[in-house]
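Comments concern the structure below.
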Amino acid sequence: MQGDENNVITIDGPAASGKSSVSSRISDKIGYLHVNSGLMYRAFTWSVLRSGIDLDNLDSVVGHLNSISINCGQSDGISTLTIDGLDPGIELKASEINENVSLIAAIEEVRTVLVSKQRGYLKIANIVMEGRDIGSVVFPETPYKFYIDASTEVRAKRRMAEGESDDLEKRDKIDTFRKISPLLIPDDACVIDTSEMDLEQVVLKVLNELKARGLATV
Ligand code: C5P
């Protein structure tokens with residue numbers, strides 16, 4: 001795939017649709033590296049906020065991209081990311097990040113830098129990458145594309161159960177209507193509505209589809 005030997009499985013979908021749980025289970029089952037691209041946008045947002053940069057000042061936000069060092073890698077099958085040597089960890093789930101991440105992710109320069117980092121993971125491993133534009137923009141040539149969805153009510157319930165404050169509809173709206181790399185269903189993606197399914201059912205469906213699409217390791 002993509003000009004080298006590693007494979008990539010892409011899992012796109014709206015916020016709280018279950019992408020992370022599915023991606024994590026699939027990557028465990030077939031020994032691929034799980035990369036959550038949303039965490040990369042969250043990490044950059046965290047760094048911008050931490051530096052006290054005015055989010056409305058596009059030049060400052062873009063300038064910050066050039067003043068930091070983002071490092072991506074893997075450790076024991078888990079993808080790693082540090083910004084200036086720091087791993088923000090659980091802080092990436094804070095409500096302040098939820099409120100601002102989609103605005104930062106809509107900036108073209110930010111996407112250019114992070115997409116290049118995302119593509120870099122494929123050079124080091126077979127990967128399952130989740131996000132919004134992974135099948136449409138980051139790895140459009142892979143045959144292993146999924147779009148995971150669920151009703152607004154189910155997604156809101158899931159997020160509440162996680163104890164997070166997160167305006168899903170607002171984020172989805174910004175992600176869907178932005179000019180650059182909006183959230184969409186790639187033409188050749190397998191679409192799974194998980195509203196009425198449990199995790200095991202979704203995992204089984206993904207594995208069966210991967211087999212049908214010829215992925216040898218499944
Ligand atoms: O996946 P998660 O909900 O953690 O992503 C946080 C935000 O990062 C999304 O709402 C979206 O704005 C942005 N994102 C993106 N492209 C991706 C992954 C995430 O724009 N590939």
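Tabulated data
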| item | result |
| --- | --- |
| Highest-MSF residue in the chain out of Val22, Val115, Val62 [GNM, Cα springs under 10 Å] | Val62 |
| Residue among Gly135, Gly18, Gly52 with the largest mean-square fluctuation in a Gaussian network model of the chain, springs linking Cα atoms under 10 Å | Gly52 |
| For the range 147-218 versus the range 2-34, the gap between their alpha-carbon centres in whole angstrom | 11 |
| Dipole magnitude (debye, nearest 20) for the range 121-218, charges at Cβ of Lys, Arg, Asp, Glu | 320 |
| Straight-distance crosslink candidates among lysines, where the alpha carbon sits under 21 Å from Lys145 and sequence neighbours closer than 8 are dropped | Lys19, Lys29, Lys117, Lys123, Lys205, Lys211 |
| Exposure rank, largest accessible area first [Ile11, Ile90, Ile107; 1.4 Å] | Ile90, Ile107, Ile11 |
| Selected from Asn126, Leu81, Ala212, residue furthest toward positive end of dipole (the chain; charges at beta carbon) | Ala212 |
| Positive-end residue, the chain charge dipole about Cα centroid, Cβ charges, pick of Val202, Ser69, Leu39 | Val202 |
| Dipole magnitude of the range 8-211 about its Cα centre (Cβ charges: Lys, Arg +1; Asp, Glu -1), debye to nearest 20 | 400 |
| Cα gyration tensor shape of the range 114-218, rounded if a/c is under 1.5, else prolate or oblate by comparing a/b with b/c | oblate |
| DSSP beta bridges in the chain [antiparallel fraction, %, rounded to 5] | 30 |
| Order of exposure, largest accessible area first, which applies to Asp87, Asp56 with probe 1.4 Å | Asp56, Asp87 |
| Karplus 3J(HN,Hα) series, Hz, for the range 94-102 with 6.51 cos²θ - 1.76 cosθ + 1.60 (x for Gly, Pro) | 5, 4, 4, 6, 3, 6, 10, 4, 5 |
| Selected from Ser75, Ser23, Ser60 as most flexible by GNM, with the chain as the system and alpha-carbon contacts under 10 Å | Ser75 |
| Three-way shape label, the range 59-176, alpha-carbon gyration tensor, a/c 1.5 | rounded |
| The range 8-211 - accessible surface per residue (Å², probe 1.4 Å) | 47 |
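The values are calculated or read from the model by the stated rules, or taken from the named source; none is laboratory data. Quick caveat: nothing in here was measured; it's all calculated off a predicted structure. As a convention, Cβ positions derive from the backbone with ideal geometry for all residues, glycine included, and neighbour counts pool all protein chains shown. Each accessible area value is taken on the protein alone, full model and side chains, heavy atoms only, with ligands, DNA and RNA left out. Shrake-Rupley method; radii C 1.70, N 1.55, O 1.52, S 1.80 Å.
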